[in-house]
1. Please report, to one decimal in angstroms, the Kirkwood hydrodynamic radius of region 219-303 built from all distinct Cα-Cα pairs.
2. What shape does region 326-419 take by its C-alpha gyration tensor, where a ≥ b ≥ c are the square roots of the eigenvalues and a/c under 1.5 counts as rounded, a/b above b/c as prolate, and the rest as oblate?
3. Using the Karplus curve 6.51 cos²θ - 1.76 cosθ + 1.60 with θ = phi - 60°, work out ³J(HN,Hα) for each residue of region 483-491 in order, rounded to whole Hz, and write x for Gly and Pro.
4. In what sequence, highest mean first, do 480-491, 319-330, 280-291 appear when ranked by Cβ atoms within 10 angstrom?
5. Along each of its three principal axes, how wide is the spread of alpha-carbon positions in region 394-463, in whole angstrom units, largest first?
6. Past 24 Å, Cα to Cα, is the threshold; run K279/K353; K258/K351; K231/K432; K353/K378; K268/K351; K279/K356 against it and keep the listed order.
7. Rounded to the nearest 0.05, what FRET efficiency do H398 and N424 give with R0 = 35 Å and r taken as the Cβ-Cβ distance? Could you check?
8. Between V27 and L312, what is the label-point separation in nm under the 7 Å Cα-to-beta-carbon projection?
Amino acid sequence: MRLRMKGTPYKMRWRAKELSLALIILVCTTIFILTWDRSPTLTSTLPSKNQLQLSPDIKTVPVDPKTHVKEDISTLTRSETVNNKEGQHVDKTRSTNTAKSSSDFEEVTIQKKEAAAKHKHSPKREETNVIESGSDSKLIAETNNVILRGNTSEQEEKSMEHQACDYRKGKWVIDDRRPLYSGHGCKQWLAPMWACHMMQRQDFAFEKLRWQPKDCEMEEFEGSKFLKRMKDKTLAFVGDSLGRQQFQSLMCMITAGKNSPDVLDVGKDYGLVIPPGGKRPNGWAYQFPSTNTTVLYYWSSTLCDLEPLNILNPQTEYAMHLDRPPAFLRDFLDRIDVLVLNSGHHWNRGKLKANKWIMYVGGEPNTNRRIADMGSAKNFTIHSTLKWLNSQLPKNPHLKAFYRSISPRHFVNGDWNSGGSCNNTIPMSIGKEVLQEESTDQSAANAVRGTRIALLDITALSQVRDEGHISRFSLTASPGVQDCLHWCLPGVPDTWNEILFALI
């Protein structure tokens, strides 16, 4: 009995130890199972070996899932990141915990093409989609796609820059590479009345000025580049004597002022011949055989149709059809690839009376008082002609049309026939920079608004060049009469052509 009683506590103690050990094992097993169940969530927060890595110096930007950012690749610096909206095809099977994890903030680094950093203006923006974590190979492929779509050729970038550049804003700078041709040498194309080197003028510092657009570069003009660009094409100036100056300037620029016996006179092909009893044709046309390029000028100071009322009478009056474009444009528009129109300084009573022009509208003498004054008649005519031209553009998709703003006059203390003068010969004495947003010639800007006709805006940049006129040095002017309207060549009209060249 004693032995049995002594053994009973011993066995109870042993069972207690077994129970404790079992309890410990159970607790450890429970902890292990719980840890194992949670391990996938914990390991999912670790970075994948295949995840797109960012260099440590690049600042990352979290994506706002509510925002879709359209960003042009060429406008980003190397250290910038693009925020993108989640793609519509994102894997929607992610767990709730995962959706709330740091993987919500996707980071995509887009490196910019080095050459594009020079350009402020950029190509059409592209949308990009970010693939969620777990599809890293797709993410990398999508990023590569974005970079490839953002790349543009150097030629395309230059073209876009020239089209986007606001050439009317800028400043005049001294450039020893100017002028682009010699005022002595370009006798083949340059009229003596505009060749100031053939006059008594001694100061030619104005020839050294070049127009520098603000925030962009203007393409350097070269005759060979112009001819290549205009291969098998025709450029036509249609307008007044300032249009003729621009035409002669361009001919001198193309040939660098050198004699060019190979250039052909093709005026007859456009009806540009001296009329019976006339002193000169209504224009000129020349062809460069090497590239089959034609440059022409047609005189139409008011950009409307002129019709003799009596073809048998040399002293006949002319119907000035304000609502009809010049017959020359109607006849030859399909043969023109680049057209530059201008008008302005002939719209005064003196010119109309001297030329025996009578305003007509609807085929009859005008009786509408609203367009009887010069300003209203001019606006009516310009709007009418440009509206017609705009209607012809779909039929002539090859045609680029420009309307050039008015060339400023600089008469002081009178007009051309009342003692007005422009004696200043010092460049940039009244200013050198133009920063205004709007065109100085608002009537021209209004005329092209809503059309596919571009405004060749040269008014403000020419306004600060009062020293560039022929002034008192004219060979043909009467005593006391100065020419503060036309320009010395080489001179300001060369810049008009440089801008035109950049735009075509």
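The values are calculated or read from the model by the stated rules, or taken from the named source; none is laboratory data. These numbers come from a predicted model, not from an experiment. As a convention, Cβ positions derive from the backbone with ideal geometry for all residues, glycine included, and neighbour counts pool all protein chains shown. To get the accessible areas, we keep the full protein, side chains included, count just its heavy atoms, and leave off ligands, DNA and RNA. Shrake-Rupley method; radii C 1.70, N 1.55, O 1.52, S 1.80 Å.
1. Numbers: mean 1/r = 0.0744 Å⁻¹.
That comes to 13.4 Å for region 219-303.
2. Numbers: a/c = 2.47, a/b = 1.45, b/c = 1.70.
Note, shape of region 326-419 comes out oblate.
3. 9, 9, 10, 7, 10, 5, 10, x, x
4. Values: 480-491: 22.0, 319-330: 20.3, 280-291: 17.7.
Descending mean neighbour count gives 480-491, 319-330, 280-291.
5. That works out to 49, 30, 20 Å along the principal axes.
6. Pairs exceeding the cut-off: K258/K351; K231/K432; K268/K351.
7. On the way: r = 44 Å, r/R0 = 1.24.
So, using R0 = 35 Å, E works out to roughly 0.20.
8. 13.2
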